[in-house]
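One structure is given below, encoded as structure tokens.
The values are calculated or read from the model by the stated rules, or taken from the named source; none is laboratory data. Quantities reported herein were computed from a predicted structural model and do not represent experimental measurements. Counting neighbours? That spans all protein chains shown, and the Cβs are built from the backbone with ideal geometry, glycine included. Keep in mind that these areas ignore ligands, DNA and RNA; they rest on the heavy atoms of the full protein, side chains included. Shrake-Rupley method; radii C 1.70, N 1.55, O 1.52, S 1.80 Å.
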Amino acid sequence: MAGEQQLNSPATGLTGRQRGYSARMNPDGALTIGVEEEFLLVDTEGQLATVGPQMSAELGQTPDGQVEHELRRCQVESATEVCHSVAELVEDLHRLRTRLINRAAQHGVRLLPSGTTVLALGSEPGFTRDHRYQRMATEFGELADQSLTCACHVHVAIPDRESGMVASNALRPWLPVLLALSANSPFHAGTDTGYASWRHLLWTRWPSAGAPPHFDSTDDYESRVDGLLQSGAIVDRGMIYWDVRLSEHVPTVEVRIADVAPDVQGAALVAALVRALIGQALDTMDTSLGKGLTQEVLRARLWRSARDGLTGACVEPRSGCLVPVWQVVDDLVGRLGSQLRATGDDAFVADAIGRLRATGGGAQRQRAAFARDRRLTDVVDELAGPS
């Protein structure tokens with residue numbers, strides 16, 4: 001949420017991230033990528049810790065990305081630099097997480113990569129002291145108060161906004177399986193919600209969030225954004241919270257469907273698949289992709305994936321039928337084979353998918369940690385490690 005607001009550099013007008021994103025292609029023709037990750041901060045007992053603003057101020061811009069404050073004081077966000085390969089992305093993500101873990105330890109707290117809070121809230125974490133966030137708290141009341149979620153956002157470079165419309169439309173049918181792959185929020189405030197991604201359900205309560213519409217043109221996109229602004233459903237364009245949106249500050253498509261991943265490999269897997277889907281769409285520039293899928297039906301399909309994660313069923317995009325989720329995963333990877341080989345990501349994706357089959361997704365791993373002794377603190381320890 002913070003990353004879109006703090007990109008301008010007084011010295012140059014552009015940060016390294018913006019300059020890199022402006023160059024759409026690598027020399028080998030692959031699209032450049034970047035990832036933002038949101039995290040919770042917890043103390044030794046697993047309760048939320050309100051040191052996010054201090055940590056973001058202390059770390060700020062780093063050689064491999066930047067650390068930013070978030071809506072709530074118990075959160076922090078990292079953003080990689082522009083990456084030309086998934087291998088480079090993995091390195092940046094690992095370095096940023098390590099830096100955050102080490103800085104958190106200096107404050108006596110831990111970094112918690114979960115889409116929602118695990119334990120019941122001890123005290124109200126409060127909002128970061130930022131004029132925009134304070135305005136959101138005033139305008140949206142309890143909705144803002146209850147919005148404490150952590151996601152993973154993938155940026156993929158595009159040459160122009162028309163290409164972004166094509167990419168957004170093409171991504172829509174595959175958003176449910178991307179959500180299933182990344183689901184990592186079964187617990188919320190001390191309760192097993194019965195969902196694999198409770199974050200998705202919480203987040204879509206915002207009036208500007210959830211399944212993106214099909215866009216006929218950039219004018220159609222702008223008309224819908226204007227409607228949100230005119231109604232007061234968003235205070236600015238940074239509050240366009242669709243699961244796929246055009247960045248307002250860098251020439252990218254931003255895909256916001258995923259929970260924050262329990263590990264770096266999970267975040268990089270989503271990024272690799274998103275880049276391949278967008279690359280495939282831009283090869284055709286077919287604006288009709290996904291046109292028959294209404295926003296209401298897509299919302300229903302996303303609900304199903306949020307509930308089941310990797311343990312149940314997912315809607316097959318072409319037939320509209322419920323099938324085992326792994327069948328849709330295999331179909332997606334197969335359809336993207338040539339794109340993944342072209343970018344050199346095929347081996348990484350195969351390995352990451354293999355590990356998910358063996359260990360389960362984030363939601364499964366959280367529940368397995370709880371099942372051992374039925375203690376939610378074990379879930380926190382599983383995700384955050386020892387203090």
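Miscellaneous remarks
- Option label - mean projected area of the Cα convex hull in nm² computed here, alternatives [x] 31.4; [y] 17.4; [z] 20.5: [y]
- Where the chain is the region considered: accessible area per residue in Å², 1.4 Å probe: 38 Å²
- Here the range 347-387 is scanned for amide nitrogen atoms under 15 Å from the site 7 Å beyond the Cα of ALA105 along Cα-to-Cβ, giving 384-387.
- Its Cα centre serving as origin, the chain has a Cβ charge dipole (Lys and Arg +1, Asp and Glu -1) of approximately 580 debye.
- The fraction of accessible area contributed by carbon and sulfur in the chain is 50 percent, rounded to a whole number (1.4 Å probe; ligands and nucleic acids excluded).
- Kyte-Doolittle at least -0.5, axis length at least 27 Å by Cα - qualifying DSSP helices, the chain: 86-106, 264-284
- Rounded to 0.05, the FRET efficiency of the ALA233 and GLU58 pair, given R0 = 35 Å and the Cβ-Cβ distance, is 0.50.
- Annotation note: trypsin sites (Lys or Arg not before Pro) in the range 291-387 located in DSSP loop regions with a Cβ neighbour count of at most 14 within 10 Å are LYS291, ARG318, ARG374, ARG375.
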